[in-house]
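Worksheet for the structure shown next.
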Amino acid sequence: MSKLTVSTFSPQWGLQTSGPFALKLLKWLDLAGIPYDQVFEDIPSRGPKGKSPWIELDGQRIGDSEAIIELMAQRSGFDIERDLSAEQRAVSHALRRMIEEHFHMVLEWELFVHPAGVEAVRTMAARMVPGALVGPAAAMFCRHFRHQLRARGMARHSAQTIAAKGKADLDAVEAILGDKPFIVANRPSMADVSAYGLLAPMAAWPMRTPVADSIKSRPRLLGYLQRVAEVRAEQRVAA
Ligand SMILES: N[C@@H](CCC(=O)N[C@@H](CS)C(=O)NCC(=O)O)C(=O)O
């Protein structure tokens with residue numbers, strides 16, 4: 001397979017990247033055994049879809065973790081859900097959509113609107129831009145996400161309601177996980193790759209925000225995230 005370059009946000013909180021969708025993509029590539037070069041790029045508007053992550057392959061730039069995974073699955077023949085039943089695939093799909101389309105807004109709200117998150121964004125901005133620009137850059141970043149979250153409806157709720165919504169998603173993940181090693185089966189599915197990408201940053205970040213604190217208080221979820229972090233490639237793909 002040709003050389004693959006993956007552009008992601010910089011590493012943060014002991015993770016390969018702070019970007020949830022990039023973390024998801026890197027985990028899938030690791031499970032597929034597909035080698036890649038990671039390039040740090042903290043300005044998502046530079047990507048082909050204006051969002052992080054994106055890849056470069058055969059001179060083409062492709063955005064969106066789902067589209068990238070579909071393409072790489074086709075090229076490599078690696079189907080992470082190959083042994084799952086139709087029902088398990090459906091549960092995996094539904095959970096993935098909940099995590100990526102709903103829980104992601106809760107994550108963004110805690111990072112870009114909650115005061116503890118805003119403070120952390122300032123610290124991160126200090127590593128990216130010269131001193132005088134740190135305040136304006138952090139404010140611009142947070143404003144951008146606040147507007148998006150308002151447009152999508154999430155930021156119109158109270159802080160208490162948003163925390164309750166996030167915790168309800170965690171309850172669902174935990175209940176479906178039960179005593180299984182992974183969310184829908186005894187081997188990883190797309191739901192696990194998404195859950196890892198979106199939950200691991202909140203489990204790892206030091207800021208005290210309600211839903212991140214809730215993840216940190218759930219040993220079953222923490223054990224699960226550790227398991228996904230450690231799971232190895234199931235199949236090697238010729239480079
Ligand atoms: N559906 C996209 C979502 C990517 C996404 O939302 N990325 C966020 C960072 S986690 C981003 O770049 N946001 C920048 C923006 O919305 O301006 C995917 O799966 O890659």
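The values are calculated or read from the model by the stated rules, or taken from the named source; none is laboratory data. Because the structure is predicted, anything quoted here is derived from the model rather than measured. In this analysis, Cβ positions are derived from the backbone assuming ideal geometry, glycine residues included, and neighbour counts consider all displayed protein chains. Accessible surface is based on the protein model in full, side chains and every heavy atom, while ligands, DNA and RNA are left aside. Shrake-Rupley method; radii C 1.70, N 1.55, O 1.52, S 1.80 Å.
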- Among the residues of segment 60-74, which ones are of a type outside the set (A, V, I, L, M, F, W, C) and open to solvent by 40 Å² or more (accessible area, probe 1.4 Å)? Q60, R61, D64, E66, E70, Q74
- Residues of segment 16-35 being open to solvent by 30 Å² or more (accessible area, probe 1.4 Å) and within 15 Å of the ligand (Cβ to nearest atom), which ones? Q16, F21
- Message: Condition check: in contact (Cβ under 8 Å) with a residue 40 or more places away in the chain and either among the polar types (S, T, N, Q) or open to solvent by less than 30 Å² (accessible area, probe 1.4 Å) (or both). Does P206 satisfy that?
- Response: no
- Item | Members of segment 60-74 that are more than 10 Å from the ligand (Cβ to nearest atom) and polar (S, T, N, Q) | Q60, Q74
- Would you confirm whether any residue within segment 36-46 is open to solvent by 50 Å² or more (accessible area, probe 1.4 Å), under 15 Å from Y196 (Cα atoms) and of a type in the set (S, T, N, Q)? no
- The number of residues in segment 78-87 that are farther than 14 Å from L29 by Cβ and either open to solvent by less than 30 Å² (accessible area, probe 1.4 Å) or hydroxyl-bearing (S, T, Y) (or both) is 3
- Which numbered condition Q226 misses (of (1) assigned to a loop (DSSP other than H, G, I, E, B); (2) over 30 Å from R146 (Cβ atoms)): (1)
- Query: Picking from L25, L15, L31, L4, which residue would you name as being in contact (Cβ under 8 Å) with a residue 24 or more places away in the chain and more than 19 Å from A200 (Cβ to Cβ)?
  - Reply: L4
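A quick yes/no check of all residues on (1) open to solvent by 40 Å² or more (accessible area, probe 1.4 Å); (2) closer than 20 Å to R156 by Cα; (3) within 15 Å of the ligand (Cβ to nearest atom):
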site: D58; (1), (2), (3): yes, no, no
site: S76; (1), (2), (3): no, no, no
site: R89; (1), (2), (3): yes, no, no
site: E108; (1), (2), (3): no, yes, yes
site: A126; (1), (2), (3): yes, no, no
- Message: Looking only at segment 209-233, filter to residues that are without any contact (Cβ under 8 Å) to a residue 24 or more places away in the chain and under 22 Å from W109 (Cα atoms); which one of those is farthest from the chain's Cα centre (by Cα)?
- Response: S217
- Message: Just the residues that are of a type outside the set (A, V, I, L, M, F, W, C) and over 17 Å from the mean Cα position of the chain (by Cα), please, taken from segment 60-69.
- Response: Q60, R61
